[in-house]
Amino acid sequence: MTIAIKRILVPTDFSEASDAALMYGIGLARAFGAQLYLLHVPGETGVNFEADFPMVQFENATRERLETLVSPRDMITLRPEYALRLGTPADEIVRYAGSREIDLIVMGTHGRSGVAHMVMGSVAEKVVRTAPCPVVTVRHPERASDTPQEAIAEGAQALM
């Protein structure tokens with residue numbers, strides 16, 4: 001069986017865990033010749049958000065920050081699409097993946113456990129449970145045992 005991965009989504013909150021996931025996402029997109037999608041969901045913003053910070057300015061600032069995450073070479077080959085959604089991160093990630101027919105989601109996990117996990121929940125866990133496609137989670141770089149290059153090579157081999 002051949003698995004076709006043409007669209008890879010990397011949600012980001014601009015944390016180190018998200019940056020590590022982006023490295024995996026870029027590596028997998030290169031390996032499969034897939035298009036890369038980057039999504040930022042800042043979470044619930046409150047009713048006065050638009051009045052305090054006009055949405056156009058927020059979208060522009062987010063796009064500029066997302067664009068700094070991808071090299072000029074990868075901009076050409078991976079044709080990244082950038083998006084900003086407001087709402088509950090897990091719900092918006094899953095909704096975006098469904099609307100763009102994403103084949104694979106690659107996302108960071110902060111690795112919280114115990115009380116912190118119970119209180120805050122895990123966006124990654126909710127996405128894994130409800131996503132319309134497979135989800136690869138990447139642990140915070142300090143907690144990961146493989147280098148990104150080793151894991152990308154192993155992951156690409158496993159998917160082929």
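What follows is calculated from the coordinates using simple rules that are stated; it is not laboratory data. Note that this is a predicted model, so its numbers are computed, not measured. So basically every Cβ, Gly included, is an ideal-geometry build from the backbone, and we count neighbours across all protein chains shown.
Things worth noting here:
- If a spin label sat at a point 7 angstrom from the Cα of Glu59 along the line to its beta carbon, the backbone N atoms of the stretch 26-42 nearer than 14 Å would be those of 40.
- Inter-label distance for Ala31 and Arg85, nm, one decimal - labels placed 7 Å from Cα along Cα-to-Cβ: 2.5
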